[in-house]
1. Restricting attention to region 282-297, does a residue exist that is farther than 27 Å from K231 by Cβ and buried (at least 17 other Cβ atoms within 10 Å of the Cβ)?
2. Considering E124, E100, which residue is of a type outside the set (A, V, I, L, M), in contact (Cβ under 8 Å) with a residue 12 or more places away in the chain and over 28 Å from Y371 (Cβ atoms)?
3. Taking the stated definitions as given, is A56 part of a helix (DSSP H, G or I), of a type in the set (G, A, S), closer than 30 Å to P158 by Cβ and in contact with a strand residue (DSSP E or B) (Cβ under 9 Å, 6 or more places away or on another chain)?
4. Given the residues E124, E111, E102, E138, which is the only one that is buried (at least 21 other Cβ atoms within 10 Å of the Cβ) and of a type outside the set (S, T, Y)?
5. Inside region 232-249, can you point out the residues that are in contact with a helix residue (DSSP H, G or I) (Cβ under 8 Å, 6 or more places away or on another chain) and not basic (K, R)?
6. List the helices (runs of 4 or more DSSP H) inside region 105-174, counting only whole elements, that have at least 2 residues being acidic (D, E).
7. Looking only at region 1-57, which residues are of a type in the set (G, A, S), over 30 Å from T128 (Cα atoms) and buried (at least 21 other Cβ atoms within 10 Å of the Cβ)?
Amino acid sequence: MGLQASALTHQEINQAKVPVIYEENHLLPMGFIHLAFRGGGSLSDKNQLGLAKLFAQVLNEGTKELGAVGFAQLLEQKAISLNVDTSAEDLQITLEFLKEYEDEAITRLKELLKSPNFTQNALEKVKTRMLAQLLQKESDFDYLAKLTLKQELFANTPLANAALGTKESLQKIKLDDLKQQFAKVFELNKLVVVLGGDLKVNQTLNRLNNALNFLPQGKAYEEPYFETSDKKSEKVLYKDTEQAFVYFGAPFKIKDLKQDLAKSKVMMFVLGGGFGSRLMEKIRVQEGLAYSVYIRSNFSKVAHFASGYLQTKLSTQAKSVALVKKIIKEFIEKGMTQQELDDAKKFLLGSEPLRNETISSRLNTTYNYFYLGLPLNFNQTLLDQIQKMSLKEINDFIKEHTEINDLTFAIVSNKKKDK
């Protein structure tokens, strides 16, 4: 068997019906397994900021019996990669292996979950590493501006919190918190499995069943939804910087992704997604204010918003901000030209298939559609919708979304030099 499209099945594990997205591809003797535990990300930290990230990092410290070094050596001997990470919503475990070591790779996964290295030594090691990262972030002006934008757009919600937590919150986390997090995160009704490569899917699922069937069923994850601020605020942080770091965002209210995802892609590409976009042409090419500027849409189950970025001289900060507002306002009022639509179609229809050339990128796209509640094969629908899009259709859509004018800015600047 050669190539096949990604498909969806379900595997019963301990009486829980677990969705499985898979694609068999026998070109190379390799496979990977991706486990996404919904609700295991930083949005669920509540008053223990940084817990999800710290928990994932401790899981990367091997088993209690072997420790980080011993467990890593065991993986390395068979070229197995086992990594745990978090996003805002999920805890993700990624397992990559040569076909001949699939059984051993899944055995290592089971050993890790059965006996994670929840020791004081591992906890302190990870805390020290994360505290060092926080210290580095204090002079990372992109990070500070991006975090400030989130705090302005999503004030008093979990989206405003830093996934890394704070110095105070990290120092309060104890071993018992890790054990409670394990019980909360690792529930089978929160799990989505993604499989790919040179696998026999049924055989792999049977092995996974054996590795995971000790976990409880638990409850399915229910995503919260957070409204994006339309207050048009501007927050400036003053630091010892030679440049102004300007991040901006606004609500982007999409009711039906099935109908509007293609239009939002075309709209954002023309406004600020490519080298010839409106923002790039005016701000970089004509005015010479920034090397790069963009705006893009962000659609998840927890929020819908647009966000963008530019970096400019301190002396041209105010002019750049005013120009961003002006360009977006004009674009929403008047829409795009036929030439811009034609160019966007040409680029998007040509580049979109290239984004899905590898099995991992295809499965990632498919998982994203599944997560958004769209058909697994939605990519083809998306391309068809872009191909058939008329100028009237896209401009009517653009003119409906006046909320993108409700821009919030977060800027890192220098008080002494921004004159």
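1. yes
2. E100
3. Answer is yes for this residue.
4. Checking each option against the conditions leaves just E102.
5. Correct list: S233, E234, L237, T241, E242, Q243, A244, F245, V246, Y247, F248, G249.
6. Because the criterion is at least 2 residues that are acidic (D, E), the helices (runs of 4 or more DSSP H) in region 105-174 that meet it are 141-153.
7. Of everything in region 1-57, those that are of a type in the set (G, A, S), over 30 Å from T128 (Cα atoms) and buried (at least 21 other Cβ atoms within 10 Å of the Cβ) turn out to be S6, G31.
Let's see how each residue does on (1) out of contact with any Leu (no Cβ under 9 Å at 6 or more places or on another chain); (2) under 21 Å from N298 (Cα atoms); (3) among the hydroxyl-bearing types (S, T, Y); (4) not assigned by TED's automatic domain parsing to the domain that holds D406:
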site	(1), (2), (3), (4)
I93	no, no, no, yes
K99	no, no, no, yes
L109	no, no, no, yes
F118	no, no, no, yes
K127	no, no, no, yes
S139	yes, no, yes, yes
L147	yes, yes, no, yes
D177	no, no, no, yes
Q180	yes, no, no, yes
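The values are calculated or read from the model by the stated rules, or taken from the named source; none is laboratory data. Small disclaimer: the values here were computed from a predicted structure and weren't measured. Don't worry about glycine lacking a Cβ; one is built from the backbone with ideal geometry, like all the others, and counts go over all protein chains shown.
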